Amino acid sequence: MPTSEQKIVKRVSELVAADSVSSPDPSWDSSNRQVISHLSDYAEQDGWSVEVQELEDTANGKANLIATLGDIRSEQKEPAGLVLSGHTDTVPFDAGGWDSDPLRLTERDGRLFGLGSTDMKGFFAIALAAVNCIDHRQLKRPIYLLGTADEESTMAGARALSKSDIARADAAIIGEPTALQPVRLHKGIMMQAIDIHGTSGHSSNPDLGKNTIDALPALLAALDQYRHALRTRFHCELLSVPYPTLNFGCVHGGDSPNRICGHLSLHSDVRMVPGMHFEQVEAELQSAIASIGEQIGLTVSMRRLIDPVPAFEQDASSALVQAACADSGAEAIGVNYGTEAPFLQRLGLDTIVMGPGHIDCAHQPDEHLPLAQIQPAIDRFSRLIARYCL
Ligand SMILES: [Zn+2]
């Protein structure tokens, strides 16, 4: 293994060992500060200037990392420079399902196994190595390394970014695992609970209460009708599931066969294709459930379970998409999962998603990064850095 690759493996191993699970479940959630601290050290060793952005509204004192190399902001008039962006957190894990300790990077069969190895701690070590392939003295425009918090839970880190943090860049690559294929669009996600409010009572007499389970078929029928309407209204050919989906995820309600079920909550998600806006979907859902409430004579209400993540689309003709496609010799694709891309794009950055590793092995036991993808990723990133920053 060449020395440069050994350095990458050492860094990935330190990052994987630093538990940074983010989860709405407090028993799982942990701080990302150890990862931020490692990344700060690496960046400073390599000559970057480092800023740690504290996130006040997160549990466990989380932070974003914003590192800059080539600080020429004062001379720069137009936006210029490139952001290399990743998230510092991981999903929770089921240690019993792993063949090795998820928090201990383990090499076998030409792959690096560990939690976050591919999604996406490996990316940081690779991005830093790519930047070191160019002569830092030749930089004409800055490079930014962005490490966000809570991507896997609330996206609080990306939501907190403002224009000033990475103001002068004009493009961003999010290094999520796409096997280095450029991704220029993905679906958005919203999750909501719909509550039916009835009245409990003794089951021996239906008139003693208002049963919310009896109302469920009418609600499901209305939502299913809306789901079909969405499918005919919106379409995106670049996605393997080319239409919006509405999934009924779980139902909570009731406590005993001999009681009238007084309250019921249906949780669902909507996966939006580009061109759909969550404000509109929420308004349409609200209107559908209001008329169901009237029809069944019960109060029906809706609440968000998460802050929505918008759908994302970067135009195929953008300079970044063109450059990434020319370099990879592949077309840009769309994916069904969400990323932080819409939050970087709204800051005015041309944005794509492209990084080493395979999404198929993320979020599950034996997540791994193939060693064979490290050098191609370094080469890809360093060529794009040269194009944007030299
Ligand atoms: Zn990820």
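Just so you know, all these numbers are worked out from the coordinates, no wet-lab data involved. Only a predicted model underlies this, so the values are computations on that prediction, with no experimental measurement involved. As a convention, Cβ positions derive from the backbone with ideal geometry for all residues, glycine included, and neighbour counts pool all protein chains shown.
Here each label is just a point 7 Å from Cα along the line to Cβ, and for Arg387 and Ser49 those points are 2.8 nm apart. Taking the Cα centre of segment 223-365 as origin and assigning +1 to Lys and Arg Cβ atoms and -1 to Asp and Glu Cβ atoms, the resulting dipole is close to 500 debye. May I ask you to evaluate 6.51 cos²θ - 1.76 cosθ + 1.60, the Karplus curve with θ = phi - 60°, for each residue of segment 313-321 and list the ³J(HN,Hα) values in order in whole Hz, giving x for glycine and proline? Those phi angles translate into 8, 9, 4, 4, 8, 5, 4, 5, 4 Hz. Residues with beta-carbon under 12 Å from that of Ile359, excluding Ile359: net charge, scoring Lys, Arg +1 and Asp, Glu -1? So the surrounding residues net to -4. Charge dipole (Cα centre; +1 on Lys/Arg Cβ, -1 on Asp/Glu Cβ; no other charges) of segment 1-138 amounts to roughly 400 debye. Positive-end ranking of Val83, Val16, Ser117 along the dipole of segment 16-156, with charges on Cβ about the Cα centre, is headed by Val83. Dipole of segment 278-317 computed with +1 at Lys/Arg Cβ and -1 at Asp/Glu Cβ about the Cα centre; of Ile292, Gln314, Val281, farthest Cα towards the positive end is Ile292. The charge dipole of the chain, taken about the Cα centre with unit charges on the Cβ atoms of Lys, Arg (+1) and Asp, Glu (-1), comes to about 700 debye, rounded to the nearest 20. The 3J(HN,Hα) values that the Karplus relation (6.51, -1.76, 1.60; θ = phi - 60°) gives for segment 124-139 are, in residue order, 4, 5, 5, 4, 5, 5, 5, 5, 6, 6, 10, 6, 4, 5, 8, 5 Hz. Gly and Pro appear as x. Could you state, as a whole-number percent, how many of the C-alpha pairs of the chain are farther apart than 30 Å? Of all Cα-Cα distances in the chain, 45 percent exceed 30 Å.
Within segment 119-179, the ratio Rg/Rh, alpha carbon atoms throughout and Rh by Kirkwood, equals 0.99.
Checked against a 31 Å cut-off, the cross-linked pairs Lys7/Lys187; Lys121/Lys187; Lys7/Lys140 give Cα-Cα distances beyond that limit for Lys7/Lys187. Remark: relative contact order (the chain) = 24 percent; criterion is Cα-Cα distance under 8 angstrom and separation of 6 or more residues. The Cβ shell under 11 Å around Ser328 holds other residues with a net charge of -1, Lys and Arg each +1, Asp and Glu each -1. Other residues with beta-carbon under 15 Å from the beta-carbon of Ala290 carry, at +1 per Lys or Arg and -1 per Asp or Glu, a net charge of -3. What base-10 log of the normalised intensity I(q)/I(0) is obtained for segment 44-155 from the Debye formula, alpha carbons as equal point scatterers, at q = 0.22 Å⁻¹? Reported log10 I(q)/I(0), two decimals: -1.23. Ordering of 171-177, 181-187, 351-357, 37-43 by packing is 351-357, 171-177, 181-187, 37-43, highest average first (other Cβ atoms within 10 Å, averaged per residue). When the helices in the chain are scored as -39500 (n - 2.57) per DSSP H run of 4 or longer and the sum is shared across all residues, what 222 nm value do you end up with, to the nearest 500 deg cm²/dmol? Computed mean residue ellipticity for the chain: -9000 deg cm²/dmol. How much of the pair distance distribution for segment 248-337 lies past 18 Å, counting alpha-carbon pairs only, in percent? When every Cα pair of segment 248-337 is considered, 64 percent fall beyond 18 Å. Counting only GluC sites (Glu not before Pro) that DSSP places in a loop and that have at most 15 other Cβ atoms within 10 Å, the longest clean stretch of the chain runs over 57-236.
Over all Cα atoms in segment 150-302, the spread is summed up by Rg and Dmax: 20.4, 70 Å. Using R0 = 30 Å, the C-beta based FRET efficiency linking Asp255 and Glu282 works out to 0.50.
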